Amino acid sequence: TADGFTMIRDFQTLVRQNFKMLILTAPGERVMEPEFGVGIRNFLFENFNNSVFVDIKSEIIRQTSIFLPIINILEVNFDTITDLLEFTI
């Protein structure tokens with residue numbers, strides 16, 4: 001569409017969009033729902049280590065169980081930059 005908006009016509013796309021909003025919304029950002037949101041941006045400048053990944057994972061699972069119980073999370077995986085780079089000398 002010309003304005004960048006499209007109507008969501010199927011349930012799977014709706015759930016995917018709601019999940020995306022849950023992850024991107026910071027707690028306190030949504031009017032009348034101060035507890036809503038994972039706030040993934042809050043983790044942006046953290047020193048990534050296993051405890052940060054555990055915190056993110058637990059927050060995603062907790063928030064999803066409260067606000068999107070229709071989603072059943074089977075697994076949460078993280079790719080780190082060292083996993084993505086190949087070093088050659």
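Among residues of region 1-16 that are among the aliphatic types (A, V, I, L, M), those with a Cβ under 9 angstrom from a residue that is open to solvent by less than 100 Å² (accessible area, probe 1.4 Å) and modelled with pLDDT of 85 or more, sequence gap 6+ or separate chain, pair up as 8/14; 8/17; 15/68; 15/71. Among residues that are touching a residue at least 12 places away in the same chain (Cβ under 8 Å) and open to solvent by 80 Å² or more (accessible area, probe 1.4 Å), residue 66 is included.
Restricted to region 44-60, and to residues that are assigned to a loop (DSSP other than H, G, I, E, B) and closer than 12 Å to residue 78 by Cα, which residue is modelled with the lowest pLDDT? Here the answer is 48.
Of the residues making up region 69-84, those that are open to solvent by 70 Å² or more (accessible area, probe 1.4 Å), modelled with pLDDT under 90 and β-branched (Val, Ile, Thr) are 81, 82.
Taking the condition open to solvent by 60 Å² or more (accessible area, probe 1.4 Å), modelled with pLDDT of 90 or more and of a type in the set (Phe, Trp, Tyr), does residue 11 pass? Yes; evaluated as a whole, the condition is true for this residue. If you go through region 9-38 and pick out every residue that is assigned to a loop (DSSP other than H, G, I, E, B) and not hydroxyl-bearing (Ser, Thr, Tyr), you end up with 15.
The values are calculated or read from the model by the stated rules, or taken from the named source; none is laboratory data. Please read these numbers as outputs of a predicted model, since none were measured by experiment. Glycine gets a Cβ as well: all are built from the backbone with ideal geometry, and neighbour counts include every protein chain shown. Side chains are part of the model used for accessible areas, which takes the heavy atoms of the whole protein and leaves out ligands, DNA and RNA. Shrake-Rupley method; radii C 1.70, N 1.55, O 1.52, S 1.80 Å.
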